[in-house]
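These notes are about the structure you will find just below.
Just so it is clear, none of the values below were taken in a lab; they were calculated from the coordinates. What you see is a predicted model; the values in this text were computed from it and never measured. Glycine gets a Cβ as well: all are built from the backbone with ideal geometry, and neighbour counts include every protein chain shown.
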Amino acid sequence: MARYVGVELSQVDLGLEVELDASDIAHAWTGRIHLDWGPIPGSYAWVFPKGRRLTVGVIARKGTPQETRDYLAAFLRQHGLSDVKVLHESGHLTRCRSPQSPVGRGRVLLCGDAAGLLEPWTREGISFAIRSGGIAGRLAAEASRAAGEPSLMQADYRGRIGSGLALEMHAGVRFLAAFERHPRTMHTLLSRTPWGWREFRRITQGDTTLARAMRHSPVRLALGLLTAGSANAAS
């Protein structure tokens, strides 16, 4: 469907993940997650507890498959998880659309991964899929009931994506550029300053977005300084 519509991508990343049987160590991870800023620019790793399982994974730009596999192996060793039984392992590509990429064609509306709707820094896509899917579903239902022109439906959908999710993606591009160039500084700002830690927690809990964070002039100033000279430095 994405090929039919003509989706254009500006960023593709490779994610590798394992599900571990954490029966004997689940108590050590109860109530907490772990994030690690990785050795490949823009990469990171995670440990998410799920009851008696642990989900452990890494993500990095497509094009460094061996380095990404090595990162996952090193991350597992670092946390004493190398010998824990693997229940399932997977790999997948995450896709971010270019700003001018179409999100539909004719009577087809794309949402989620098919449209390349993804937050570029964290590569979080579930909320983008749900939100874009809700918009597409409502517009499709309205067009069906009213026997409306597909072109009007397409224009409405483009406008809603452009005024919402696209702004969040643009903010993600800015944050990713800063993270790739200055990971230590980004870590300090996020974890060692009261405002940075509060906002990072709110973002990960779904209480705010990167686009809303960029409404604050100190955030825009910091990102401008960290990305000066890069292709993504424009506001």
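Extending 7 Å from the Cα toward the beta-carbon at both residue 88 and residue 126 defines two label points whose distance is 1.3 nm. By the count of other C-beta atoms within 10 Å, a proxy for reagent exposure, 197, 46, 121 are ordered fewest to most as 197, 46, 121.
Per-residue ellipticity at 222 nm from helix content only, as computed over the chain with -39500 (n - 2.57) for each DSSP H run of at least four residues, stands at -14000 deg cm²/dmol.
What separates the Cα centres of the stretch 143-166 and the stretch 18-75 is a distance of 39 Å.
Show me the ranking of peptides 92-101, 162-171 by mean Cβ neighbours inside 10 Å, starting with the highest.
Working: 92-101: 16.4, 162-171: 18.2.
Those peptides, ordered most packed to least, come out 162-171, 92-101.
Residues whose amide H comes within less than 5 Å of that of residue 22, counting only those at least five positions distant or on another chain, are 53, 54 (H built at 1.01 Å from N in the peptide plane).
Taken along its principal axes, the alpha carbon cloud of the stretch 1-134 reaches lengths of 54, 30, 21 Å, longest axis first.
Give me the dipole magnitude in Debye, nearest 20, for the chain about the Cα centre, with unit charges on the beta carbon: positive for Lys and Arg, negative for Asp and Glu. All intermediate terms of the calculation are to be shown ahead of the outcome.
Numbers: 30 positive and 21 negative charges, 117 e Å.
Here the chain has a charge dipole of around 560 debye.
Would you mind classifying the stretch 77-235 by shape? Square roots of the alpha carbon gyration tensor eigenvalues, ordered a ≥ b ≥ c; an a/c under 1.5 is rounded, otherwise it is prolate if a/b is larger than b/c and oblate if not. Oblate. For the stretch 34-44, putting each phi into the Karplus relation 6.51 cos²θ - 1.76 cosθ + 1.60 with θ = phi - 60° gives couplings of 9, 10, 9, 7, x, x, 8, x, x, 8, 7 Hz, in residue order, rounded to whole numbers and with x for Gly and Pro. Once the other residues with Cβ under 15 Å from the Cβ of residue 1 are scored (Lys, Arg +1; Asp, Glu -1), what is the net sum? Combined, the nearby Lys, Arg, Asp and Glu give +3.
The protection proxy used here, the mean number of other Cβ atoms lying within 10 Å of each residue, ranks peptides 174-183, 19-28, 36-45 as follows, highest first: 174-183, 36-45, 19-28. For the stretch 89-104, 3J(HN,Hα) computed residue by residue from phi via the Karplus equation (6.51, -1.76, 1.60; θ = phi - 60°) reads 9, 8, x, 7, 9, 9, 10, 10, 6, 6, x, 9, 5, x, 10, x Hz, glycine and proline entered as x. Counting beta carbons within 10 Å around each of 71, 4 and listing the fewest first gives the order 4, 71.
Determine the sum of side-chain charges near residue 55: Lys and Arg each +1, Asp and Glu each -1, restricted to other residues whose C-beta is under 13 angstrom from that of residue 55. Show your work: numbers first, answer last.
Values: positive: 50, 52, 53; negative: 17, 19, 21, 89.
Once positives and negatives cancel, what remains is -1.
Around the Cα centre of the stretch 130-235, unit charges on the Cβ atoms of Lys, Arg, Asp and Glu (plus for the first two, minus for the last two) sum to a dipole of about 400 debye.
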